[in-house]
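A.B. asks: The structure is given below, and queries will be raised subsequently.
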Amino acid sequence: MNNRERPIGFFDSGVGGISVLKESLKVLPNEDFVYFGDSLNAPYGTRNVNEVKKLTFNAVDFLLDKGVKVIVIACNTATSAAIDALRERYTGIPIIGIEPALKPAVEVSRGKSVIIMATPMTLVEKKFSDLMKLYNEEVNIIPLPCAGLVELIENGIIEGNEIEEYLKEKLKKFGHLDVASIVLGCTHYPFIKNELAKIVGEKTVIIDGSIGTVNQLKRQLTCNNILNEKKTKGIVTIYSSSINDNTIDL
């Protein structure tokens with residue numbers, strides 16, 4: 001198998017990265033993908049940095065054993081904790097991370113407030129702090145740690161009273177602010193986007209970083225000359241640390 005025909009590796013702490021994978025399938029429909037979700041050890045956002053690094057390196061080794069040509073860390077927490085160390089160790093393969101989509105949020109803010117929903121670890125890591133420093137003079141940026149939300153989503157609770165009450169409780173303290181946008185700073189969170197939209201209304205734009213990550217993935221494939229040239233639809237193989245693998249013909 002030549003490099004072009006090798007699959008693209010995706011990793012997340014659970015099901016969250018599937019939101020990014022879905023966008024990738026739209027942009028790169030002829031590519032094959034191997035997805036690994038570490039649901040057994042989710043959530044990552046409440047673990048310490050060393051634990052997250054170890055789990056992330058294990059996941060990358062798993063994907064490399066599957067012969068992938070590029071790796072997407074489709075997890076904000078794992079990106080914050082481990083992306084630099086990963087790139088230092090695995091120099092022979094492109095490794096793409098994800099971060100809260102703060103830039104597009106600021107662009108639509110019109111001087112109003114921006115809320116960033118993310119896991120506690122993502123919000124305390126230096127990577128996020130550096131990102132905030134780029135924009136905090138332009139707009140009022142409000143970090144909102146959402147402990148427990150990943151667990152709800154991992155358990156399939158993405159709509160209904162429990163999610164609604166969780167989100168209302170988190171957002172109630174900001175009711176007096178004019179919030180222009182909410183950034184979904186975790187790849188799990190797009191699964192509750194519809195419920196969030198019902199609460200905040202049409203005036204607040206909800207933004208996630210999936211599209212930017214997928215565009216970067218395509219750029220890396222192109223500049224490394226490893227785009228798959230086949231004309232047929234790709235295959236997605238999904239592995240989970242908590243269930244048996246499943247191959248899906250898309």
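The values are calculated or read from the model by the stated rules, or taken from the named source; none is laboratory data. For clarity, every value in this text was computed on a predicted model and none was experimentally measured. Using ideal geometry, Cβ is built from the backbone for each residue, glycine included, and neighbour counts are taken over all protein chains shown. With ligands, DNA and RNA removed, areas are computed over all heavy atoms of the protein, side chains included. Shrake-Rupley method; radii C 1.70, N 1.55, O 1.52, S 1.80 Å.
A.B. asks: Checking the conditions here, which among V27, V20, V60 is within 26 Å of P145 (Cα to Cα) and among the aliphatic types (A, V, I, L, M)?
C.D. replies: V20
A.B. asks: Follow-up question, since we're still on this one. So in the stretch 37-68, with the set limited to residues that are closer than 15 Å to I98 by Cβ and not polar (S, T, N, Q), which one is modelled with the lowest pLDDT?
C.D. replies: Only one residue fits best here, namely G45.
A.B. asks: Pull up the stretch 174-205, narrow it to residues that are of a type in the set (K, R) and under 23 Å from I157 (Cβ atoms), then point me to the one that is farthest from the chain's Cα centre (by Cα).
C.D. replies: It comes out as K198.
A.B. asks: Can you find, within the stretch 129-153, the residue that is nearest to G185 (Cα to Cα) among those that are in contact with a helix residue (DSSP H, G or I) (Cβ under 6 Å, 6 or more places away or on another chain) and part of a helix (DSSP H, G or I)?
C.D. replies: In this case the residue turns out to be L131.
A.B. asks: Scan L63, L55 and give me the residue that is open to solvent by less than 10 Å² (accessible area, probe 1.4 Å) and touching a residue at least 12 places away in the same chain (Cβ under 8 Å).
C.D. replies: The match here is L63.
A.B. asks: For the stretch 183-239, enumerate the residues that are modelled with pLDDT of 95 or more, among the hydroxyl-bearing types (S, T, Y) and open to solvent by 60 Å² or more (accessible area, probe 1.4 Å).
C.D. replies: Once the filter is applied, which keeps residues that are modelled with pLDDT of 95 or more, among the hydroxyl-bearing types (S, T, Y) and open to solvent by 60 Å² or more (accessible area, probe 1.4 Å), the stretch 183-239 yields only T222.
A.B. asks: Residues being within 23 Å of V124 (Cα to Cα) and assigned to a loop (DSSP other than H, G, I, E, B): count how many of those fall in the stretch 173-207.
C.D. replies: 4
A.B. asks: Please name all residue pairs, on different chains or six or more residues apart, with Cβ atoms under 6 Å, provided the first residue is in the stretch 87-115 and is without any contact (Cβ under 8 Å) to a residue 60 or more places away in the chain and open to solvent by less than 20 Å² (accessible area, probe 1.4 Å) and the second residue is part of a loop (DSSP other than H, G, I, E, B) and among the charged types (D, E, K, R).
C.D. replies: V106/E138
A.B. asks: Next question, about the same structure. Might you check whether a residue that is open to solvent by less than 80 Å² (accessible area, probe 1.4 Å) and either polar (S, T, N, Q) or more than 30 Å from S240 (Cβ to Cβ) (or both) occurs anywhere in the stretch 117-124?
C.D. replies: yes
A.B. asks: While we're here: Would you check which residues across the stretch 79-114 are small (G, A, S), under 23 Å from G14 (Cβ atoms) and in contact with a strand residue (DSSP E or B) (Cβ under 7 Å, 6 or more places away or on another chain) and list them?
C.D. replies: Answer for the stretch 79-114, where residues must be small (G, A, S), under 23 Å from G14 (Cβ atoms) and in contact with a strand residue (DSSP E or B) (Cβ under 7 Å, 6 or more places away or on another chain): G97, A101.
A.B. asks: Give the residues of the stretch 69-83 that are modelled with pLDDT of 95 or more and open to solvent by 10 Å² or more (accessible area, probe 1.4 Å), sorted by residue number.
C.D. replies: Correct list: K69 only.
A.B. asks: Please specify each residue of the stretch 6-17 satisfying the condition of being open to solvent by 30 Å² or more (accessible area, probe 1.4 Å) and modelled with pLDDT of 95 or more.
C.D. replies: Result: R6, single match.
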